[in-house]
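Colleague: Below is the structure I would like to discuss, written out as structure tokens.
The values are calculated or read from the model by the stated rules, or taken from the named source; none is laboratory data. Just so we're clear, the structure is a prediction, and the values are computed from it rather than from any experiment. Virtual Cβ from ideal backbone geometry, glycine too; neighbours counted across all protein chains shown.
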Amino acid sequence: MALVGSITVLYPILILLLGALLSYALAHVVKRSANYVSGTAAAVASVCAIYVLLSLLQRVTNGEVLSVSLFSGGIQFALNPLALFLSLVGTSLTFIVCIYSIRYMEDATGVEKFYALLLLMAAGIVGIGLAQDIFDMYVFFELMTVASFALVAFEKQRWEPVEAGTKYGVMSAVGSVIALFGISTIFLYAGTLQFDRIGTGLSAIAPEAITTTIIVGGGLMIVGFGVKTAMVPFHTWLPDAHSAAPSGISAMLSGIVIQAGLVALIKAIQPLAVLEVTSFGLTLALFASVSMFVGNLIALKQRDLKRMLAYSSIAQMGYILLGFAFGIGIGGKGVALGFIGGLYLILGHAFMKGGAFLCAGAIIYAIGTRDFEEMKGVGRLLPSIGVPYTVFALALSGLPPMVGFVSELFICTAGVDVTGWGLVFVVILLINVVISVGYYVPSINTIVFSKEMGTKVHDARSVPPLMVGTIVLMTAITLVLGIYPQIGMVIAKPAADYLFRLFS
Amino acid sequence: MFAGEIGVGAILCPIAGAILAPLAYAVRRKMVAWFAVFFALMTCTLSLLLLTNIQSGVLLTYNWIPSIGFSIALNLDALGVYVAAVAGSIGFLVMLYSVRYMEHAEIEGYSLLRYYGLTLLFVGSMIGLVLSDSIILVYIFWELVGFCSYALISYYYKDPKALRAGTKAFVVTRIGDVGLFIAIVALWGSTHSTSLAAIVNLAPADSTLLTIAGFGVLLAAIGKSAQFPLHVWLPDAMEAPTTISALIHAATMVNAGVYLVARTYPIFSVVPSWPMAVVIIGTFTALFAATMALAEPDLKRALALSTISQLGIMLSAAGAGAIVAFEFHLVSHAIFKGLLFLCAGVVIRSVHTRNMYEMGGLANHMKITNVTFIIGTLALVGIPIFNGFWSKELVLDSINGAGYLGATGVLIITSFLTAVYSWRMYYLVFLGKKRTPLEVRDPPYEMRTPLIILSIATLVSWIFISQFSSGLAYSLPSSYGAELLTVRETIEIVLLSPLVVVSIGSLCIIAWLAFVFKDRMMQFLKEDRGLAKALKHGYWFDDLYRVASRGLFFVGREVSYTQTGDVNYNLAGIVLGGIVILLILILGNMGW
């Protein structure tokens, strides 16, 4: 296995895979307090991965190319700024969820499998960023997806997670097959699947064939990866899956998994978009607008907290997608600020929505329900949930000085600079922000400012410090990223510039 | 550069107080009140110190997001500093008043920490709003004061009315905030700057983006300052503690909208229809709200409608480019309306109702409150020597001078209605038979002192017009058109103008007529049919919006039926989506 290049690129994946193995095995060796043993092992593995990534941050940001190739160039990985961004957000969220789940999953059986699967999912996410050709990216994409099936359906003794997991599995499989059709179309005509070689490969074939290949291949890949990205109308798996999964997994799913799907989509269509045959940017912008409306409108009628948050994720993915569309360009040149906005919202949303789901999990832990009627006033009884949830909900609705506002500011500013109908999409986004206030604020009113206490609130058990601590950490990050955006820019700007260069 | 530090201090001091308040609360719950008063006093001092530090030009630029080029800075010109001084001083007076007014909150199960923390946060954000040069920073503070407003309106959350009112305020003002957001990005698109002072100096020519930005700011002002058609949140916001109504919904936050219009006037005056649109909306709202105030039975709601009306007058002044008159009326109104609300607080606290038809005859029982309320009312009506008289007549004169004759006429009619509804308020509360069985008396000193201070200010604030206007003339660029106006010039303008003679004369006639026909008029306004019913129901605008929001929820429910839960339908959705994508890509290729 001839290895050329720096193996440090592979360390994060290897650490996570090893961690998966260890956290599973250790639980069988120690045989007691499996959740603490497995959870700690998993958390340690994530921290090591984060450490490796941070140590490489300076070099990657300075433009150094870190790559490794195996099997004489058959498989290539590269740690470019985009991969670093995705990996850092993914592993950070994984770490927080590991700590949180130590107490949250304490009553579950087979919890060592939970942490192993979680780390496998994280490895898949990192791999999506690192992969340098479509098929390898697809492999890691599937690794992430299959791990997430099992995680969604983890509480297999209840019908709801199993149904959600099954539906998710079926729809995801259909999406993956469609994506595979698209990939094979590209492979057939371009002769290669490496991102930097597809362009030249396609240019060598007859011009009429190029257009068809790009439209068919690109279209199929958008559909395929779009299922994972929860673009409307491919989103129907999401409300069930994100509601029924254990809350730490909901945080991961909404926080980084669907965004990893988006990154996969963007990476896949990039070689096609630069050939300027049709407007991928406009397509994405249109679907982004539909996603925003569908997500926000359906969220208005939800009576279940996690389901409301799930629909909100669909809408937020619409905002992120719009940012990327501005970066790619709608009928003209794109603006780098669009990528900055989209990436910054990915970063911020991971912590805002992740934090909101962790709060929902804390509520489930305390009183055992997700229903708004039954949880009235729980935030008042347990301010450790009430205050953070208020911050997260307000941040998601775009209130300054939190990260949601800053991201939306970037995206909308990009929309004005982009040639064409950018301002129309900006107005659509802002209308949607106002609609979203219609469910975020009532949710705060119900949880915190409710006169009556819900039926189950009186018997609430207190939330463990491990869970409260992680929630507070997410709150702090949400505030810091909003007040001092330069901190987030450290990883977001290089990734955005990298993407912008690729798409120009 | 000491002035900049004072400005930053005035912003951060109350915010620091808000962050530290939990410590005081943990020591002893009631201590948080005096803790807050202390921080409010420091803030008041700093904001008053700013009055001696007014200067033109931008200070303390901070490169907030270098990667994009967004920077924030402070602007200590008179336009902002006067409002900051108002916020700081009335904030302190309200905080002092609150010590007694809110003393029962804890017993009823409401946390004083929430009240004082949010009020301090509010004062800091308001001062930050008006001292900011960067439009993004203005937006940040704009939203923060909006959040504080929602949280404080919902303070008595056990009353579902309060929660609904707070949410309504938040959502309606958010609609307006979309306008400000669009203005930020549109201005960036046309000038690549976020600094208001820089854009004013740049004096960009009229363009589509500038027009969009201008009307965006107007929309924001309509939302925040409760102008038509987004006026519906302010009367409901009276569910807040009366101290909050005085501070936020009379003296400070609601002024933010009209303030922004005034500040951006030089930028958008080149847009053809913008100044006219501003004046029309302001004038219409002034008349519209005044008519509703005639029939309103709730004391605080009547004062709220009066505030909306007065804000309409201010908006018209700003749209006509009369910056000195605008700012002068803003400050005068903050003083006398704050006074009126605090008096209302005393009354309501004693009689345990807000319905004026259940009050009456209180004049002999609360002499100090009676006198201070009269002073506030006379200022509102615009009787000579009170500050309201001078500021209102200056506004009328300026609007007339700018050529808006129709608007001037409407505003004169509005001032008649103002006289009638103000007198009705006083009559129903303080004169006539005492309709409440409860014992009423004048309030303790913590509540009396702010009343007395504000009354004195109402009597004398106009004397400083010369220093006031010279501050504006000196620190603002000439494009604002602010000029020095001495006391003597003011007296000459106001007393010698035929307009003023006409309006005062007609006012006297109307007042006499109203007095003669008072019984019949009172009866008419009390009815529940015809014109009176329309007035009481606010011309049914509230119902219109309620139907609209129900419609939105209905659409949400209908859309949710696409989420069938049947995987077959879901997969069909994937196929459908795939076809649409291919279609769009093919069409995109054809049009390329």
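Colleague: From A:Leu93, A:Leu66, A:Leu119, which residue is aliphatic (A, V, I, L, M), farther than 27 Å from A:Gly217 by Cβ and at pLDDT below 95? It would help to see each step written out before you state the result.
Modeller: Numbers: A:Leu93 fails: at pLDDT below 95; A:Leu119 fails: at pLDDT below 95.
The unique qualifying residue is A:Leu66.
Colleague: Any chance you could count how many residues in the stretch A:121-139 are surrounded by fewer than 22 Cβ atoms within 10 Å (Cβ to Cβ) and of a type in the set (A, V, I, L, M, F, W, C)?
Modeller: Summing the residues that are surrounded by fewer than 22 Cβ atoms within 10 Å (Cβ to Cβ) and of a type in the set (A, V, I, L, M, F, W, C) in the stretch A:121-139 gives 2.
Colleague: Please verify whether A:Ser407 is over 30 Å from A:Glu106 (Cα atoms) and more than 9 Å from chain B (Cβ to nearest Cβ), treating the condition exactly as stated.
Modeller: On the way: over 30 Å from A:Glu106 (Cα atoms): yes; more than 9 Å from chain B (Cβ to nearest Cβ): yes.
So A:Ser407 passes the test.
Colleague: Looking for whichever is assigned to a helix (DSSP H, G or I), crowded, with 20+ Cβ neighbours inside 10 Å and free of Cβ contacts under 8 Å to residues at least 40 places away in the same chain here; the options are B:Leu315, B:Leu378, B:Leu303, B:Leu394. Which one fits? Before you say what the answer is, go through the steps one by one.
Modeller: On the way: B:Leu315 fails: free of Cβ contacts under 8 Å to residues at least 40 places away in the same chain; B:Leu303 fails: free of Cβ contacts under 8 Å to residues at least 40 places away in the same chain; B:Leu394 fails: free of Cβ contacts under 8 Å to residues at least 40 places away in the same chain.
Going through B:Leu315, B:Leu378, B:Leu303, B:Leu394 in turn, just one is assigned to a helix (DSSP H, G or I), crowded, with 20+ Cβ neighbours inside 10 Å and free of Cβ contacts under 8 Å to residues at least 40 places away in the same chain: B:Leu378.
Okay, residues lined up against (1) farther than 19 Å from B:Thr377 by Cα; (2) among the aliphatic types (A, V, I, L, M); (3) surrounded by fewer than 17 Cβ atoms within 10 Å (Cβ to Cβ):
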{"position": "B:Pro443", "(1), (2), (3)": "yes, no, no"}
{"position": "B:Leu454", "(1), (2), (3)": "no, yes, no"}
{"position": "B:Leu472", "(1), (2), (3)": "yes, yes, no"}
{"position": "B:Leu476", "(1), (2), (3)": "yes, yes, no"}
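Colleague: Take B:Ser111 and tell me if it is modelled with pLDDT under 95, within 14 Å of chain A (Cβ to nearest Cβ), at negative phi and over 16 Å from the mean Cα position of the chain (by Cα).
Modeller: Values: modelled with pLDDT under 95: yes; within 14 Å of chain A (Cβ to nearest Cβ): yes; at negative phi: yes; over 16 Å from the mean Cα position of the chain (by Cα): yes.
When the stated conditions are applied, B:Ser111 passes them.
Colleague: Within the stretch B:97-108, is even one residue in contact (Cβ under 8 Å) with a residue 60 or more places away in the chain, assigned to a helix (DSSP H, G or I), within 12 Å of chain A (Cβ to nearest Cβ) and not aromatic (Phe, Trp, Tyr)?
Modeller: Among the residues of the stretch B:97-108, not one is in contact (Cβ under 8 Å) with a residue 60 or more places away in the chain, assigned to a helix (DSSP H, G or I), within 12 Å of chain A (Cβ to nearest Cβ) and not aromatic (Phe, Trp, Tyr), which makes the answer no.
Colleague: Assess whether A:Ser72 counts as being assigned to a loop (DSSP other than H, G, I, E, B) and either of a type in the set (Lys, Arg) or touching a residue at least 12 places away in the same chain (Cβ under 8 Å) (or both). Quick ask: steps written out before the conclusion?
Modeller: Details: assigned to a loop (DSSP other than H, G, I, E, B): yes; either of a type in the set (Lys, Arg) or touching a residue at least 12 places away in the same chain (Cβ under 8 Å) (or both): yes.
So A:Ser72 passes the test.
Colleague: Something else now. Which residue out of B:Leu571, B:Leu544, B:Leu587, B:Leu531 is farther than 23 Å from A:Ser279 by Cβ and within 12 Å of another protein chain (Cβ to nearest Cβ)?
Modeller: Working: B:Leu544 fails: within 12 Å of another protein chain (Cβ to nearest Cβ); B:Leu587 fails: farther than 23 Å from A:Ser279 by Cβ; B:Leu531 fails: within 12 Å of another protein chain (Cβ to nearest Cβ).
Unique residue meeting the criteria: B:Leu571.
Colleague: Of A:Ala260, A:Ala299, A:Ala268, which residue is at pLDDT below 95 and touching a Lys or Arg at 6+ places or on another chain (Cβ under 9 Å)? Don't jump to the end; show me each part of the working.
Modeller: Values: A:Ala260 fails: at pLDDT below 95; A:Ala268 fails: touching a Lys or Arg at 6+ places or on another chain (Cβ under 9 Å).
It is A:Ala299.
Colleague: Taking the condition crowded, with 21+ Cβ neighbours inside 10 Å, within 14 Å of another protein chain (Cβ to nearest Cβ) and closer than 20 Å to B:Thr243 by Cβ, does B:Ser132 pass?
Modeller: Details: crowded, with 21+ Cβ neighbours inside 10 Å: yes; within 14 Å of another protein chain (Cβ to nearest Cβ): yes; closer than 20 Å to B:Thr243 by Cβ: no.
Considered against the rule, which asks whether it is crowded, with 21+ Cβ neighbours inside 10 Å, within 14 Å of another protein chain (Cβ to nearest Cβ) and closer than 20 Å to B:Thr243 by Cβ, B:Ser132 comes out as no.
Colleague: Another one. For the stretch B:496-512, enumerate the residues that are part of a helix (DSSP H, G or I) and touching a residue at least 60 places away in the same chain (Cβ under 8 Å). Quick ask: steps written out before the conclusion?
Modeller: Start the filter on the stretch B:496-512 by keeping residues that are part of a helix (DSSP H, G or I), which leaves B:496, B:498-512.
Once the filter is applied, which keeps residues that are part of a helix (DSSP H, G or I) and touching a residue at least 60 places away in the same chain (Cβ under 8 Å), the stretch B:496-512 yields B:Leu499, B:Val500, B:Val502, B:Ser503, B:Ile504, B:Ser506, B:Leu507, B:Ile510, B:Ala511.
Colleague: Right, next: Pick from A:Val263, A:Val257: which is away from every other protein chain (no Cβ under 14 Å), touching a Ser or Thr at 6+ places or on another chain (Cβ under 8 Å) and over 18 Å from B:Leu582 (Cα atoms)? Give the derivation first.
Modeller: On the way: A:Val263 fails: touching a Ser or Thr at 6+ places or on another chain (Cβ under 8 Å).
A:Val257 is the lone residue from the list that is away from every other protein chain (no Cβ under 14 Å), touching a Ser or Thr at 6+ places or on another chain (Cβ under 8 Å) and over 18 Å from B:Leu582 (Cα atoms).
Colleague: Follow-up question, since we're still on this one. Here is a list: B:Ile574, B:Ile581. Which entry is touching a Phe, Trp or Tyr at 6+ places or on another chain (Cβ under 6 Å) and either in a helix (DSSP H, G or I) or in contact (Cβ under 8 Å) with a residue 12 or more places away in the chain (or both)?
Modeller: Working: B:Ile581 fails: touching a Phe, Trp or Tyr at 6+ places or on another chain (Cβ under 6 Å).
When all the criteria are applied, what remains is B:Ile574.
Colleague: Here is a follow-up. Residue under question is B:Val171, and the condition is that it be within 12 Å of another protein chain (Cβ to nearest Cβ), within 15 Å of B:Glu143 (Cβ to Cβ) and β-branched (Val, Ile, Thr); does it hold?
Modeller: Details: within 12 Å of another protein chain (Cβ to nearest Cβ): yes; within 15 Å of B:Glu143 (Cβ to Cβ): yes; β-branched (Val, Ile, Thr): yes.
So B:Val171 fits the description; yes.
Colleague: Could you tell me which numbered condition A:Leu238 fails, if it satisfies all but one of (1) in contact (Cβ under 8 Å) with a residue 60 or more places away in the chain; (2) over 17 Å from the mean Cα position of the chain (by Cα); (3) under 21 Å from B:Gly577 (Cα atoms)?
Modeller: Evaluating A:Leu238 over (1) in contact (Cβ under 8 Å) with a residue 60 or more places away in the chain; (2) over 17 Å from the mean Cα position of the chain (by Cα); (3) under 21 Å from B:Gly577 (Cα atoms) leaves (2) as the failure.
Colleague: Output yes when any residue across the stretch A:188-197 is in a helix (DSSP H, G or I), surrounded by fewer than 23 Cβ atoms within 10 Å (Cβ to Cβ) and among the basic types (Lys, Arg), and no when none is. Break it down stepwise before answering.
Modeller: Filtering the stretch A:188-197 for residues in a helix (DSSP H, G or I) gives A:188-190, A:195-197.
From what's left, surrounded by fewer than 23 Cβ atoms within 10 Å (Cβ to Cβ): A:188-189, A:195-197.
Filter once more, so that each one left must be among the basic types (Lys, Arg): A:197.
Scanning the stretch A:188-197 turns up at least one residue that is in a helix (DSSP H, G or I), surrounded by fewer than 23 Cβ atoms within 10 Å (Cβ to Cβ) and among the basic types (Lys, Arg).
Colleague: Tally up the residues in the stretch A:181-230 that are among the small types (Gly, Ala, Ser), at pLDDT below 90 and on the phi < 0 side of the Ramachandran plot, please.
Modeller: We begin by selecting, within the stretch A:181-230, every residue among the small types (Gly, Ala, Ser); these are A:182, A:184, A:190-191, A:199, A:201, A:203-204, A:206, A:209, A:217-219, A:224, A:226, A:230.
Among the residues that remain, those that are also at pLDDT below 90 are: A:190-191, A:199, A:201, A:203-204, A:206, A:209.
Now restrict to residues that are on the phi < 0 side of the Ramachandran plot: A:190, A:199, A:201, A:203-204, A:206, A:209.
Of the residues in the stretch A:181-230, 7 are among the small types (Gly, Ala, Ser), at pLDDT below 90 and on the phi < 0 side of the Ramachandran plot.
Colleague: A further question on this structure: Could you run through the stretch B:142-181 and say how many residues are basic (Lys, Arg), crowded, with 24+ Cβ neighbours inside 10 Å and over 16 Å from the mean Cα position of the chain (by Cα)? Steps first, please.
Modeller: Within the stretch B:142-181, the first condition is being basic (Lys, Arg), and the residues that meet it are B:158, B:161, B:164, B:168, B:174.
Those left that are additionally crowded, with 24+ Cβ neighbours inside 10 Å: B:174.
Filter again for over 16 Å from the mean Cα position of the chain (by Cα), leaving none.
Looking only at that region, the number is 0.
Colleague: Can you tell me which residues in the stretch B:1-27 are over 24 Å from A:Val387 (Cα atoms) and assigned to a helix (DSSP H, G or I)?
Modeller: Filtering the stretch B:1-27 for residues over 24 Å from A:Val387 (Cα atoms) gives B:1-10.
The answer is B:Phe2, B:Ala3, B:Gly4, B:Glu5, B:Ile6, B:Gly7, B:Val8, B:Gly9, B:Ala10.
Colleague: If I go through the stretch A:269-301 residue by residue, how many of them are within 10 Å of another protein chain (Cβ to nearest Cβ) and either among the hydroxyl-bearing types (Ser, Thr, Tyr) or not in a helix (DSSP H, G or I) (or both)?
Modeller: Residues meeting the conditions: 7.
Colleague: Does the stretch B:152-161 hold any residues that are in a helix (DSSP H, G or I) and more than 9 Å from chain A (Cβ to nearest Cβ), and which are they? Walk me through how you get there before you give the answer.
Modeller: Of the residues in the stretch B:152-161, the ones in a helix (DSSP H, G or I) are B:152-153, B:160-161.
Result: B:Leu152, B:Ile153, B:Lys161.
Colleague: Tally the residues that are touching a strand residue (DSSP E or B) at 6+ places or on another chain (Cβ under 8 Å) and either of a type in the set (Ser, Thr, Tyr) or modelled with pLDDT of 95 or more (or both), restricting the search to the stretch B:182-236.
Modeller: 2
Colleague: Related question: Looking at A:Thr478, A:Thr413, A:Thr470, A:Thr446, which one is touching a residue at least 24 places away in the same chain (Cβ under 8 Å), within 9 Å of another protein chain (Cβ to nearest Cβ) and not in a loop (DSSP other than H, G, I, E, B)? Break it down stepwise before answering.
Modeller: Working: A:Thr478 fails: within 9 Å of another protein chain (Cβ to nearest Cβ); A:Thr470 fails: within 9 Å of another protein chain (Cβ to nearest Cβ); A:Thr446 fails: within 9 Å of another protein chain (Cβ to nearest Cβ).
Matching residue, one of A:Thr478, A:Thr413, A:Thr470, A:Thr446: A:Thr413.
Colleague: Next question, about the same structure. Looking at the stretch A:400-421, is at least one residue surrounded by 19 or more Cβ atoms within 10 Å (Cβ to Cβ) and over 21 Å from A:Leu343 (Cβ atoms)?
Modeller: Within the stretch A:400-421, none of the residues are surrounded by 19 or more Cβ atoms within 10 Å (Cβ to Cβ) and over 21 Å from A:Leu343 (Cβ atoms).
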